[in-house]
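Okay, so here's the structure we're looking at.
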Amino acid sequence: MNNDSGLTDELVSRFGPSFFNLQLTVDEVVTLWVAKENITAVLQYLKLEIPQRFELLYDLCAIDERSHAKKNGSATGDFSIVYHLLSLQRNRFIRLKVGLHGEYPTMPSITSLWKNANWYEREVYDMFGINFEGHPNLRRILMPLTWEGHPLRKEHPARATEMGPFKLWDEKQDREQEALQFRPEDWGMKRQSEDADFMFLNLGPQHPGTHGVLRIILQLDGENIVDAVPDIGFHHRGAEKMGERQSWHTYIPYTDRVDYLGGVMNNLAYLLAVEKLAGIIVPDRVKVMRIMLCEFFRIASHLVWYGTFAQDLGQLSPVFYMFTDREKVFNIVEAICGARMHPNWFRIGGVAQDLPLGWDKLVREFVAYFPKKLREYDQMVMRNSIFKARTIGIGIYTLNEALEWGVTGPGLRACGLDWDFRKKQPYSGYENFDFDIPTAQNGDCYDRALVRVEEMRQSLRIIDQCLKNMPEGSYKSDHPLTTPPLKKNTMQDIETLITHFLNVSWGPVIPSGEGMSCIEATKGANSYYLTSDGNTSPYRVRIRTPSFPHMQMLPYISKGYTIADLLSILGSMDYVLADIDR
């Protein structure tokens, strides 16, 4: 993500220098402040008119600036709205920021420009109370409709202990139950057509096919889906709010729980952004160790998806075989990290400890063992006639539609585009590895499965290269902000001992600034956009997850199919509820 002065020149030549204020950031993403009245015109130009367009609305979020000690040299207001756009042709991000004034400001909606702006704007409204004029249905999305306040505003309490004991009196229970009632008219739905009454059916939030606490209200004409409304937020834990009250170091375990099947990948996405802010360069050994563990978790996550996808379509045996192989992966993870699903093993500037004796034997055995199992699963699942009948030609979307809705990862590659952050914007040394980016052409449930199956083979190639080319060296950087610092240095002088004590007790003080990191996670593009005001805790933690925009697309790709087809579509999306809700 290199700075692109040419892009700034293009915008200035189109709109004039008075339109923009440039802000320099450590991640070198072009960052421009734009006035509220000009933002729609600039976004429209970037999406539709500029050569090599910014076709993907990658993220949209807000920051409560009222307590911000260091405003990064820019004159902002009480709140700021941040747009991250991605141009696949340029292989570049651009960040546009709008300063807003007032207690509950308003912004123009951009739902007419990008379909996936709908949920992002609802999230900003829910979390900050910022209104978007022209939004088709601006209502809460993560919090209950009866919630009071906006959780990511600085005055909103961060802990339950600040809010007093919870009480559920009869009137409150009645109000909560009333809020859960679905009214089709609120969503522009009719209760009947000219020749039939529609049925409204709750799928979930406790249905096994939703893989977690997800509620989908279906508008049905017989078995056929007329429309659908995903109801999310049941798994919302306030992961971004937690980041504001944890130290930079103690927040690491919380990241494990976002895509809870991705394990250390969550750590990596967060730590890459922290290390950019702090200017920490990690040793080559750390990079390769991190990549090896990330690819093991890609395989583990895909095995869960593979087995449960087959199970959703009526095939029971694969889930037992694949979970058994996942245990073999976890045995390696546990031997190296000491824990399994949530190893919390990566650290600022490195990892928790060096690789243990015998790690290479475990990895070598798995690399030899797993290819044969993948061939077995091909015969068992991918070539099964019933599996094919229920996935081929189901849940189709085109490449343009995928970009319009913010799809990344295997879902995007199943439409024929070989976009992968490990290749396009390499991080942690991925540029030194030899592997292919699997693609497919039809954008249906079967092709999304094909891509993930081949990704496991490519992950195995990467792990094999880690095994054969593991560098010598330290397992952490010698940078003073690395946590925890090397113990042996504390015996040299009192200043070093004090630094060690403060880093362990309070955590490091990260320099003020902002930066974003992007990784190719198990389900698509995962990012942490961090803002520091030079303190021991982040000022703002923004987590961009792949599952959030993917779930938003569900109504669009499920209309006209049956409920049975919907389970195929849900399974092929490979989402995680904590990845949606955070």
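Sort out which residues of region 426-457 are under 11 Å from residue 411 (Cα atoms), charged (D, E, K, R) and in contact (Cβ under 8 Å) with a residue 40 or more places away in the chain, and write them in order of number.
444, 448, 452
Counting only residues that are more than 21 Å from residue 250 (Cβ to Cβ), among the acidic types (Asp, Glu) and free of Cβ contacts under 8 Å to residues at least 40 places away in the same chain, give me the strands (runs of 3 or more DSSP E) lying completely in region 503-559 with at least 2 of them.
none
Kindly provide the set of residues from region 300-352 that are over 26 Å from the mean Cα position of the chain (by Cα), free of Cβ contacts under 8 Å to residues at least 24 places away in the same chain and part of a helix (DSSP H, G or I), ordered by number.
Answer for region 300-352, where residues must be over 26 Å from the mean Cα position of the chain (by Cα), free of Cβ contacts under 8 Å to residues at least 24 places away in the same chain and part of a helix (DSSP H, G or I): 320, 324.
For region 22-72, which positions are part of a helix (DSSP H, G or I) and not acidic (Asp, Glu)?
36, 38, 39, 40, 41, 42, 43, 44, 45, 46, 47, 48
Within region 260-285, restricting attention to residues that are of a type outside the set (D, E, K, R) and either in contact with a Pro (Cβ under 9 Å, 6 or more places away or on another chain) or not assigned by TED's automatic domain parsing to the domain that holds residue 532 (or both), which residue is surrounded by the most Cβ atoms within 10 Å (Cβ to Cβ)?
Top of the filtered list is 263.
For region 353-371, enumerate the residues that are not in a loop (DSSP other than H, G, I, E, B) and not hydroxyl-bearing (Ser, Thr, Tyr).
Listed by number, the residues that qualify are 359, 360, 361, 362, 363, 364, 365, 366, 367, 368, 370, 371.
Please go through region 373-398 and pick out each residue that is under 17 Å from residue 327 (Cβ atoms) and more than 29 Å from the chain's Cα centre (by Cα).
Of everything in region 373-398, those that are under 17 Å from residue 327 (Cβ atoms) and more than 29 Å from the chain's Cα centre (by Cα) turn out to be 373, 376.
Okay, residues lined up against (1) outside the structural domain of residue 391 (by TED's automatic domain parsing); (2) on the phi > 0 side of the Ramachandran plot; (3) surrounded by 24 or more Cβ atoms within 10 Å (Cβ to Cβ):
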position	(1), (2), (3)
546	no, no, yes
549	no, no, yes
560	no, yes, no
566	no, no, no
572	no, no, yes
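Please work out if residue 220 is surrounded by 10 or more Cβ atoms within 10 Å (Cβ to Cβ), within 30 Å of residue 569 (Cα to Cα) and touching a residue at least 24 places away in the same chain (Cβ under 8 Å).
So residue 220 passes the test.
The values are calculated or read from the model by the stated rules, or taken from the named source; none is laboratory data. All values derive from a computational prediction rather than experimental measurement. Cβ: placed from backbone, ideal geometry, glycine included. Neighbour counts: every protein chain shown.
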